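The values are calculated or read from the model by the stated rules, or taken from the named source; none is laboratory data. Being a predicted model, the structure only gives us computed values, none of them experimental. Ideal geometry is used to build each Cβ from the backbone, glycine not excepted, and the neighbour counts take in all protein chains shown.
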Amino acid sequence: MKTTESRTARAAGKASASLSSSLSSSLSSSAASPLSPREGAAVELRNVVKYYASQRALNGVNLSMAPGEFIALLGPSGCGKTTVLRALSGLESVSEGRIEIDGHDVVNTPVNKRDIGMVFQAYSLFPHMTVTQNVEFGLRMRKVDAAGRRRRASEALDMVGLGAFGDRYAHQLSGGQQQRVALARALVTRPRVLLLDEPLSALDAKVRVQLRDEIRRIQTDLGITTLFVTHDQEEALAVADRVAVMREGNIEQIGTPEDLYTRPATSFVATFIGLSNTLDAELVGSEVQVLNAALPLLGTGPADGAVTAYIRPEDVSFASTGIPATVVASSFLGSLRRTQVRLDSGELLFVQHDVQLRPESGERVHVQLLGRPVAVDARA
């Protein structure tokens with residue numbers, strides 16, 4: 001058993017080193033992409049409804065994408081985000097509504113006529129074909145001549161840092177390398193819309209971050225309108241121009257990552273994006289009264305009265321005096337530490353702070369709210 005594990009570890013190490021090497025080579029090359037950039041298409045979903053039998057999966061989704069924009073669809077499993085992507089691609093029919101690309105309704109247009117590139121979680125490479133042959137496949141279907149196919153496949157592989165891997169087969173590549181081949185295959189046809197369906201979820205954490213950033217660079221270079229489906233909020237916030245948060249077939253809120261984090265429109269967005277302390281409070285005009293403090297209201301709120309306040313852990317700090325509490329647990333998160341405390345009144349509160357401060361479980365402390373604006377929702 002130990003021998004098998006050590007062989008597996010060595011193989012994984014070699015694959016990781018190989019991928020890191022190709023990433024470094026790609027990142028150190030010219031920022032300009034070898035593939036000729038095209039203006040991305042404008043995309044519009046208008047009141048799109050999708051039924052599966054009697055189950056309504058999409059509830060009149062509206063989404064506008066500007067040419068060259070990168071939008072992430074974010075939400076829990078089963079919220080409808082992949083259904084939106086598949087409807088846009090043509091892999092799923094829609095029950096109602098319009099899907100427009102550059103102003104043309106494509107609801108009845110087949111997949112291969114929509115000028116769309118797609119990358120899925122499953123790499124779906126042809127095992128009997130080399131890397132180059134896999135990348136050329138879409139061009140072959142479009143009747144591009146052999147010389148043109150080789151040139152464009154070579155350009156696409158160079159763009160994703162795999163120019164030296166053209167003669168290999170899928171089983172000779174790491175997972176990250178296979179996903180890069182899938183990306184090159186989607187881009188080689190020079191589509192005006194790129195759809196990414198959780199393409200990084202099967203990769204380890206370090207490779208995910210590297211490939212995520214590389215996808216964003218390539219997308220920016222080529223100017224492709226891109227829809228990126230993910231359940232990972234860090235990925236969505238890191239790469240997207242705007243993020244659309246979905247829940248139960250609806251888009252709850254769409255905005256820049258900063259807008260979603262600092263100005264959540266609903267309680268679902270406030271609790272789904274990042275971490276929030278959820279506390280009972282009272283709204284009086286433009287002030288939120290919570291934990292004996294009066295905080296400014298963020299945006300607009302419900303009618304005066306009982307509300308739920310959403311306070312970010314970074315908006316709470318330890319102090320020499322303030323609200324007495326007892327440390328429950330403290331977690332080291334690399335560049336910061338997050339500590340949970342229990343107030344004497346019973347509420348649990350997260351405090352985000354410098355790693356140099358190391359509270360111990362059971363330690364008596366004081367906390368204070370920093371007075372920053374707070375989002376609220378009517379208390380159920």
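Assorted remarks:
- Contact map, region 43-57: first residue assigned to a strand (DSSP E or B), second residue of a type in the set (Phe, Trp, Tyr), Cβ cut-off under 8 Å, separation 6 or more or different chains; pairs are 57/51.
- Within region 149-207, being surrounded by fewer than 21 Cβ atoms within 10 Å (Cβ to Cβ), closer than 22 Å to residue 82 by Cβ and free of Cβ contacts under 8 Å to residues at least 40 places away in the same chain holds for one residue alone: 203.
- Note on region 322-380: among residues that are in contact with a Lys or Arg (Cβ under 6 Å, 6 or more places away or on another chain) and among the β-branched types (Val, Ile, Thr), the one that is modelled with the lowest pLDDT is 355.
- Residue check, residue 230 within 13 Å of the chain's Cα centre (by Cα) and among the polar types (S, T, N, Q): yes
- Matching residues in region 129-158 - criterion: being touching a helix residue (DSSP H, G or I) at 6+ places or on another chain (Cβ under 6 Å) and among the hydrophobic types (A, V, I, L, M, F, W, C): 131, 135, 139, 153, 156, 157
- When residues of region 82-106 are limited to those that are assigned to a loop (DSSP other than H, G, I, E, B) and touching a helix residue (DSSP H, G or I) at 6+ places or on another chain (Cβ under 9 Å), the one surrounded by the most Cβ atoms within 10 Å (Cβ to Cβ): 94
- In region 339-358, the residue that is surrounded by the fewest Cβ atoms within 10 Å (Cβ to Cβ) out of those that are over 33 Å from the mean Cα position of the chain (by Cα) and outside any strand (DSSP E or B) is 346.
- Remark: pairs (first residue in region 88-100, without any contact (Cβ under 8 Å) to a residue 24 or more places away in the chain and outside the structural domain of residue 52 (by TED's automatic domain parsing); second residue polar (S, T, N, Q) and surrounded by fewer than 19 Cβ atoms within 10 Å (Cβ to Cβ); Cβ separation under 6 Å; 6+ apart in sequence or on different chains) are absent.
- Within region 265-298, if we keep just the residues that are touching a residue at least 40 places away in the same chain (Cβ under 8 Å) and within 17 Å of the chain's Cα centre (by Cα), the residue that is nearest to residue 373 (Cα to Cα) turns out to be 270.
- The set of residues in region 242-264 being more than 16 Å from the chain's Cα centre (by Cα) and of a type outside the set (Asp, Glu) consists of 249, 250, 262, 263, 264.
- Among the residues of region 58-81, those identified as at positive phi, in a loop (DSSP other than H, G, I, E, B) and surrounded by fewer than 22 Cβ atoms within 10 Å (Cβ to Cβ) are 68, 78.
- Checked against (1) in the same structural domain as residue 242 (by TED's automatic domain parsing); (2) modelled with pLDDT under 95; (3) more than 25 Å from the chain's Cα centre (by Cα), residue 7 passes all but a single condition, namely (1).
- Sub-8 Å Cβ pairs linking a first residue in region 65-81 that is touching a residue at least 60 places away in the same chain (Cβ under 8 Å) and acidic (Asp, Glu) to a second residue that is buried (at least 20 other Cβ atoms within 10 Å of the Cβ) and not in a strand (DSSP E or B), at least 6 apart or interchain, are 69/40, ordered by first then second residue.
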